[in-house]
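Okay, structure first, notes after.
The values are calculated or read from the model by the stated rules, or taken from the named source; none is laboratory data. Keep in mind that what you see is a predicted model, and the values were worked out from it rather than measured. Here the Cβ positions follow ideal geometry from the backbone for every residue, glycine too, while neighbour counts run over all protein chains shown.
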Amino acid sequence: LGIGVVSQTSLNWPTIFNVLYTGLVTVRNRFDFGPQFSNGIISITPPKSIGVYYSSFVSKLDIDGNELAGIRLPPVTVPVATHTGWNLRSAAYGGNDGCEAAGSTVPFALDKTTRNAKGDRRLSLSERYNTRSQYEAAVAAAANALSSKRLLLPADVQAYITASKQPIQVINNPTYGNYTW
C-alpha cells in the first residue's frame, strides 16, 4: 500500500468549511506470487512487493467538488451536496488517514447568508434552485436525458423523480447543523 498526492488546485477541490482535503490517494503495490501464479499456483507466501504501484487515476471535479468523469447521475448533475468517493477518519480513529471505500456527502448551505458566514464558495440551495418545483423539474429533466441516451432505466427515472419530491434533511452536520428543505 502506498500513498500518492493530488493537489487541491489541480483537482479543482473547493475549500469547504470543516472539510479537510489532504490530497492523499491510496495506491496499490504490485506483488510477486511466484512464477506459476498465472496458472493459479502461489509459490511465494507472503508475496513480495516488486516496488511498483498500480496506476491510480483521479477524476477532475466540477465547481461543487463532484466528479466530472463517467455517467453523471441526477444527484451529481442536480446536486444538493458534494459527493466524494473518499472519507477521512476522525481523530479518534486514526486522524486524517483514509477511510477506504467510504464516501462523503457534504451538504450545501440552505441560503446565501449561511453560506457566506462559513466561507463556502458552493452555491446554497436557495441560490441554485429558486423553488422546490424548480429543483424537482431539474431532476426530472436530468433523469429523462439519461434515459433518452439509454443510460438509465425507466424505473430508475421514476425513482429519481419520486425521491426529488421528498424533503431533504440535514441532521447534525458539523458545518450547517440541522435543516429540512
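Just a few scattered comments:
- Search result, residues across segment 114-129 that are over 14 Å from Thr15 (Cβ atoms) and of a type in the set (Lys, Arg): Arg128
Here's the yes/no breakdown for (1) under 16 Å from Thr105 (Cβ atoms); (2) at pLDDT 95 or above; (3) not hydrophobic (A, V, I, L, M, F, W, C):
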site	(1), (2), (3)
Arg121	no, no, yes
Thr131	no, yes, yes
Ala142	no, yes, no
Lys149	no, yes, yes
Tyr176	yes, no, yes
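- Tally, over segment 25-68, of residues that are in contact (Cβ under 8 Å) with a residue 24 or more places away in the chain and under 24 Å from Lys118 (Cβ atoms): 5
- Qualifying residue in segment 93-107 (condition: at pLDDT 95 or above and either in a strand (DSSP E or B) or on the phi < 0 side of the Ramachandran plot (or both)): yes
- Top-ranked residue of segment 9-34 - restricted to ones that are more than 14 Å from the chain's Cα centre (by Cα), modelled with pLDDT of 85 or more and in a loop (DSSP other than H, G, I, E, B), ranked as farthest from Phe57 (Cα to Cα): Gly34
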